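Everything on this sheet refers to the single structure shown next.
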Amino acid sequence: TATPLCPHPTIRVRPLTCTETRRGDRQVVHSLGNSTVHVSAARHDATFGFSAVFDAGASQEAVFEGSGMRQLVELAIDGFSCTVFAFGQTGSGKTYTLMGPLTQTETRPAARGLLGLMQRSFACLLEQSRSRGSDVALSASYLEIYNEQVRDLLSPGPPCALPLRWSKTRGFYVENQLSVDFESLEAIADLLLQGSQRRRTSAHALNRHSSRSHALLTIHVRSQAHDPLQHMSPQPGACPSKQGTLCFVDLAGSERVKETGSSGELSVEANSINRSLLALGHCISLLAKPQGKRTHIPYRDSKLTRLLARSLGGSGVTLMVACISPSSRCLSETLSTLHYASRACRVTTRP
């Protein structure tokens, strides 16, 4: 399609945590039920509209069906480059939205109702590929960006830094990244858990399992339709093949060192996370400007923006899930996330 498409930001408001409730935090974010959220606090009274808003009571299935994730899977099978990324303050529910409970393991899987966008998309992808009557080859790659180093989460041995390259045909890509073929839901679920367990996490005052890196899981979909007349054709394999991708991006959360109590290595990680998120926000702000008023888009300012360049303003289809806390204590970060998502609404791509 040559039709311009927006990234369709959706908002998910998590419930107040037990700690926030005990502390007496007020709930300052409310879903109005018509794809809008209202922020009401001292000196702040604002309403934001998006393509979809999920309140604290929304199930994982409701988020999958209501966000447009199923359509994104179908577009990937049709050969498009598709991306979904979750962003927001640390502890706002990004990883839970994408993956489900952090306590799940290969021997102790999560309850079906708690599975995140990733596992539900895997099931949808396999179901769709089998029902379309085409030969589909699936493979996955999984990496993290930690302190501006790109590291493979699937290759054996300790994670080591991989070079990020540029080519005219591929754009930015990671050299020597491992790609693993899979054919079943169990196989890709195992790859997801294997990689996520190697990802850097730490505990601080706002989050016991804070992601200290940005993680990107990419599903590569290569499909070739069956030609019913192929046996009569002088050219075997005349049916064109399609190559699509479905990339899930779990961004590390923005955080204020004063609030998290981070020091030492945690502080270094936080500064690296915030710098890359600032670069991402800068790119989105520039892409949101009218075409004639755009200046140079500084994708090269961080490894994160280089790898998301195609998804943000190029030839991809992108879904953004902004996760926010309703707590009065998180008001500043929540407003920042909502403004961030509002700017993204004005970005258009031509898939």
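The values are calculated or read from the model by the stated rules, or taken from the named source; none is laboratory data. As the structure is a computational prediction, the values presented were derived from the model and not from experiment. Here the Cβ positions follow ideal geometry from the backbone for every residue, glycine too, while neighbour counts run over all protein chains shown. These area figures cover heavy atoms from the full protein model, side chains too; ligands, DNA and RNA do not enter into them. Shrake-Rupley method; radii C 1.70, N 1.55, O 1.52, S 1.80 Å.
Observations on the structure shown:
- In summary, the lysines within cross-link reach of Lys94, defined as a Cα separation below 25 angstrom excluding same-chain residues under 8 places away, comprise Lys258, Lys303.
- When only Cα pairs below 8 angstrom with a gap of at least 6 residues are kept, the chain shows a relative contact order of 30 percent.
- Once both labels are positioned 7 Å from their Cα atoms along Cα-to-Cβ, the gap between Leu193 and Arg22 label points is 3.0 nm.
- Distance (nanometres) between label positions extended 7 Å along Cα→Cβ at Thr47 and Ser332: 2.8 nm
- Residue-averaged 222 nm ellipticity for the chain, from DSSP H runs of 4+ at -39500 (n - 2.57), nearest 500: -9000 deg cm²/dmol
- The chain: antiparallel DSSP beta bridges as a percent of all, rounded to 5: 70 percent
- Farthest toward positive dipole pole in the range 15-59 [+1 Lys/Arg, -1 Asp/Glu at C-beta], among Val29, Cys18, Phe48: Cys18
- Between 0 and 90°, nearest 10: helix 117-131 axis offset from the chain longest Cα axis: 20 degrees
- Pair Ala111, Cys160: separation of 7 Å Cα→Cβ label points (nm): 4.4 nm
- Extension gain, Arg275 to Thr348, is 23.8 nm, computed as 0.36 nm per intervening residue step minus the present C-alpha separation.
- Magnitude of the charge dipole, the chain, Cβ model with Lys/Arg +1 and Asp/Glu -1, debye to 20: 1060 debye
- Taking every protein chain into account, the accessible area of the chain amounts to 47 square angstrom per residue (probe 1.4 Å).
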